[in-house]
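Read the structure below first, then the notes.
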Amino acid sequence: MTEPTTAGKSALITGITGQDGSYLAELLLAKGYEVHGLIRRSSSFSTGRIDHIYHDRHEESNRLYLHYGDLTDSSSLIHTLNRLRPDEVYNLGAQSHVKVSFEMPEFTADTTGLGSLRLLEAVHCADWPIRFYQAGSSEMFGKVQETPQNETTRFYPRSPYGVAKVFAHWMTVQYREAQGLFACNGILFNHESPRRGPTFVTRKITRGLAAILAGRESHLYLGNLDARRDWGYAPEYVEAMWLMLQQPEPDDFVIATGEMHTVREFVESVFLLAGLDWQKYVVIDPAYFRPTEVEALCGDASKARRILGWQPRTRFAELVRIMVEADLRDAGLDPAKFLKPSAGIEA
């Protein structure tokens, strides 16, 4: 596949300080883009995931710029777009924690749902062509109607977060079909990395092991271990986002590995790397159960393989090891001293 010409292009990323935003920024900078990120104003800095590329921003080769704005503020979106005039817009910003969405449904709807609409309208009103990416989620499938899930599977969200993402998805389709926008939905299944937020279950598990090995904790508290998920590696998933906006026509794509593993399997493989019996350390806490659970998610990314030429490269066991090694190093531990050379679930 011929690499599209990207020299001189610019992109705006909402949610640039998140896991996906930081990896996407790295990818676009490597391709020669001028990259702009939208960040919310707060009393403390939240740029830890991009500090390694932002700190040398005064160098000529580094074209990363940050701007204050918010998905709940239409005027900031319009002014930022008109000032920067980007070629591509990636909407990754959201209240993205599923369990939190039950506690803050209105805020989740405002940022994750209506925030996408505000940005779509700003893009629609622009007087130059913009290619738009909307970050969808496998949580939109919720109570799944078929397995595996693909681009035509009916949505049945089971959380305020999932509902808000469904709204954003169909608004993106609406602007594409009614207003002629080049707008794509990426329906990404779970994708993890050492930059995953510490309250998400995979990172909670790998950080928990590191804390136990460092002697700072004795137990790890978790919720439903029977939930099954399709887990991939985040840096590979942001490549799919970029590929969607390089196509001749806009479309929607499921991005997934096509393999499912339970949370229990993830826990087992993490602790097995250190030669530990997870059952001696894990405590089930009902406080971490969702009011309505999503039992099993598994994506069919055959359309992405066929049209985008995308496919996952990092398998489950390798993903687990990458995350465990990173969290051990963050805890001041040498992975070589604590982990077995080859252990874990080979899948």
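The values are calculated or read from the model by the stated rules, or taken from the named source; none is laboratory data. Source: prediction; values computed, not measured. Virtual Cβ from ideal backbone geometry, glycine too; neighbours counted across all protein chains shown. Side chains are part of the model used for accessible areas, which takes the heavy atoms of the whole protein and leaves out ligands, DNA and RNA. Shrake-Rupley method; radii C 1.70, N 1.55, O 1.52, S 1.80 Å.
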Computed over the chain: longest principal axis from alpha-carbon atoms vs helix 316-330 long axis, angle to nearest 10 degrees, is 80 degrees
Cα gyration tensor of segment 273-314 diagonalised, 5x eigenvalues square-rooted, in angstrom largest first, produces semi-axes 35, 20, 6
At 0.36 nm per residue, and after removing the present C-alpha to C-alpha distance, how many nm does the segment from residue 51 to residue 219 gain when stretched out fully? 57.3 nm
In Å and from the alpha-carbon atoms only, list the Rg and Dmax of the chain. 20.0, 61
For the chain, longest principal axis from Cα atoms; helix 19-30 axis from its Cα atoms; angle between them, nearest 10 degrees, is 60 degrees
Spelling out what I want: for every residue of segment 157-169, take phi, set θ = phi - 60°, compute 6.51 cos²θ - 1.76 cosθ + 1.60 (Karplus), and round to whole Hz; glycine and proline get x. x, 10, 7, x, 4, x, 5, 4, 5, 5, 4, 5, 4
Percent relative contact order of segment 203-337, based on C-alpha pairs within less than 8 angstrom and at least six residues apart? 38 percent
Rounded FRET efficiency, nearest 0.05, which uses the C-beta distance separating residue 103 from residue 284 and R0 of 22 Å: 0.60
Grab the DSSP H runs of the chain that are 4 residues or longer, score each as -39,500 (n - 2.57), total them, divide by all residues and round the 222 nm result to the nearest 500 deg cm²/dmol. -10500 deg cm²/dmol
Using DSSP to define loop residues, name the trypsin sites (Lys or Arg not before Pro) in segment 153-226 whose beta-carbon has at most 15 other beta-carbon atoms within 10 Å. 154, 216
To the nearest 10 degrees, the tilt of helix 263-273 (Cα long axis) against the first principal axis of the alpha carbons of the chain is 60 degrees
For residue 340, give me every one of the aspartates and glutamates with a C-alpha distance below 17 angstrom, ignoring sequence neighbours fewer than eight places off in its own chain. 268, 277, 318, 325, 327
Straight-line reach from residue 143: which lysines have Cα under 22 Å away, leaving out those fewer than 8 places along the same chain? 99, 165
Sequence gap at least 6, Cα distance under 8 Å: using those rules, report the relative contact order of the chain to the nearest whole percent. 16 percent
For segment 89-164, which whole percent of the accessible surface, found with a 1.4 angstrom probe, sits on carbon and sulfur atoms? 54 percent
